[in-house]
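To keep things clear, I will list the structure first and then write my remarks on it.
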Amino acid sequence: MKFGGTSVANVERIRNVAAHVKREVDAEHEVAVVVSAMAGKTNELVAWCKEAGSHFDNAEYDAVVASGELVTAGLLALVLKDIGLNARSWQGWQIPLLTDDAHGSARVTKVDGSQLGECLRRGEIAVVAGFQGLHGPTNRVTTLGRGGSDTSAVALAAAIGADRCDIYTDVDGVYTTDPRVVPKARRLDKVSFEEMLEMASLGAKVLQVRSVEVAMVHKVRLYVRSSFDDPADPKLGTLICDEEDILEQQIVTGIAFSRDEAQITLREVADKPGVAAAIFGPLAEANINVDMIIQVVSEDSTTTDITFTVPHADFARAKEIIEAGRDAIGYARLNGAEDVVKISAIGVGMRSHSGVAARAFKALAAKGINIRAITTSEIKFSMLIDEAYTELAVRTLHSLYGLDARP
Ligand code: ADP
Ligand code: ASP
Ligand code: MG
């Protein structure tokens, strides 16, 4: 059972979590619980790190931001004892949950579930601090990237061979799109691993991308549900499962959007071999992830325009790198835009249907929304548009593909 920030926002909410745990224990399940920090806590810790100095040290950043989960793990263990259950808290290093040394967004390398498994068999509830791990060789605490408690939970579930991994959050499942943006969004009963992976990586932050990857590889049954349900009478959530287990397939399953994009356009780039390498090589070396790329075929085959997108956080750095390589690349002007959003439609049905994206282009055009860039792959397509049109575009696509909840 994993509980996110809103679900453990204060001691009263933690008591509610304990009631959910008690229900499962009363049903004679052995239970391990993973908790996030209280809502807002990690943001506060991150802000303190920034305030503390310009000499940014990722290992110390992790030492600070991992602390939020320690508090909630201890508190939940206390509350569980308070209602007469046998429980203890676990920090990441005590398990241990081992990671690489990429501080701030470390990857899980190995989880030893043996000690924890023994405690569970003795009837002790394990309350594990999410989001954190240990890099063995340096003996330092790491964190798994924002939203990383989901990944802690799935990795632990795989390590102890859990029957299920239930992700309790503030919505009662995975929706056709973010229910905060589209009130007509519908809860999905089932979503395939592939679709969930795309939805999460294209902006639906209900699950961290890596948690879905780990679940897919280790065949963990993932169930997303609400901690706001009555603990005595919980409602349905969303099962993340294999594609074969979903009978009724829609062409489009969900719409995701990401504001975490910035656009760079190079004008009048020399149209000659080696230019793309001169642009994208240095960006790759600087670990900047380029997403969409568009190169226009030039009319006179001397110069062309190239547009691409980078993560918002890397925008300034990417511009500096391109400007530093201006002589090697050879371009007339660099234009950038930060007020853009990437809207994506996802569905395994796209494999067997043509013209799915074309309908979207037409629908957005009818609303006067200009598309700056497009990318497609087997089960999704994405469009870059002006950020101001986010809600309108998401709602338009949601209706277009028949995803709106019936009144
Ligand atoms: P937690 O703190 O429990 O980890 P998060 O805030 O990380 O919760 O994730 C839950 C939020 O994800 C929801 O409140 C919702 O606004 C957002 N969200 C975005 N896309 C979706 C979607 N397709 N389905 C459900 N929730 C979504
Ligand atoms: N507390 C961490 C965060 O806010 C991890 C998590 O909530 O999953 O990113
Ligand atoms: Mg989360």
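The values are calculated or read from the model by the stated rules, or taken from the named source; none is laboratory data. Predicted model, so just to flag it, every value in this text is computed and none were measured. Because the Cβ atoms are built from the backbone with ideal geometry, glycine has one as well, and the counts that use them run over all protein chains shown. To get the accessible areas, we keep the full protein, side chains included, count just its heavy atoms, and leave off ligands, DNA and RNA. Shrake-Rupley method; radii C 1.70, N 1.55, O 1.52, S 1.80 Å.
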| note | In the set Ile264, Ile255, the lone residue that is within 30 Å of Phe315 (Cα to Cα), more than 20 Å from the chain's Cα centre (by Cα) and part of a strand (DSSP E or B) is Ile264
| message | Quick check on this structure: which one of Arg210, Arg225 is open to solvent by 30 Å² or more (accessible area, probe 1.4 Å) and either in contact with an Asp or Glu (Cβ under 7 Å, 6 or more places away or on another chain) or within 15 Å of ligand 3 (Cβ to nearest atom) (or both)? | response | Arg210
| Tally time: how many residues in region 118-137 are surrounded by fewer than 16 Cβ atoms within 10 Å (Cβ to Cβ) and touching a residue at least 40 places away in the same chain (Cβ under 8 Å)? | 3
| Of the residues that sit in region 29-48 and are within 16 Å of ligand 3 (Cβ to nearest atom) and in contact (Cβ under 8 Å) with a residue 40 or more places away in the chain, which one is farthest from Tyr168 (Cα to Cα)? | Thr42
| remark: Scanning region 377-407 residue by residue, those surrounded by 14 or more Cβ atoms within 10 Å (Cβ to Cβ), assigned to a strand (DSSP E or B) and free of Cβ contacts under 8 Å to residues at least 40 places away in the same chain turn out to be Phe381
| query | Given Asp26, Asp101, which one is within 16 Å of Gly145 (Cα to Cα) and without any contact (Cβ under 8 Å) to a residue 60 or more places away in the chain? | reply | Asp101
| request: Restrict the check to region 148-157 and report whether at least one residue is touching a helix residue (DSSP H, G or I) at 6+ places or on another chain (Cβ under 8 Å) and open to solvent by 30 Å² or more (accessible area, probe 1.4 Å). | output: no
| task | Just give me the residues in region 24-48 being of a type in the set (Gly, Ala, Ser) and either in contact with a Ser or Thr (Cβ under 8 Å, 6 or more places away or on another chain) or farther than 17 Å from Met1 by Cβ (or both), in sequence order. | result | Ser36, Ala37, Ala39, Gly40, Ala47
| Residue in region 35-57 that is within 23 Å of the chain's Cα centre (by Cα) and under 21 Å from Gly123 (Cα atoms) present | yes
| field | Checking Glu195 against (1) more than 16 Å from ligand 2 (Cβ to nearest atom); (2) open to solvent by 40 Å² or more (accessible area, probe 1.4 Å), the condition it does not meet | value | (2)
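Residue-wise test of (1) closer than 22 Å to Ser258 by Cα; (2) modelled with pLDDT of 95 or more; (3) among the basic types (Lys, Arg).
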position	(1), (2), (3)
Asp305	no, no, no
Glu320	no, yes, no
Glu323	no, yes, no
Ile346	yes, yes, no
Ser352	no, no, no
Gly368	yes, yes, no
Ile374	yes, no, no
Phe381	yes, yes, no
His398	yes, yes, no
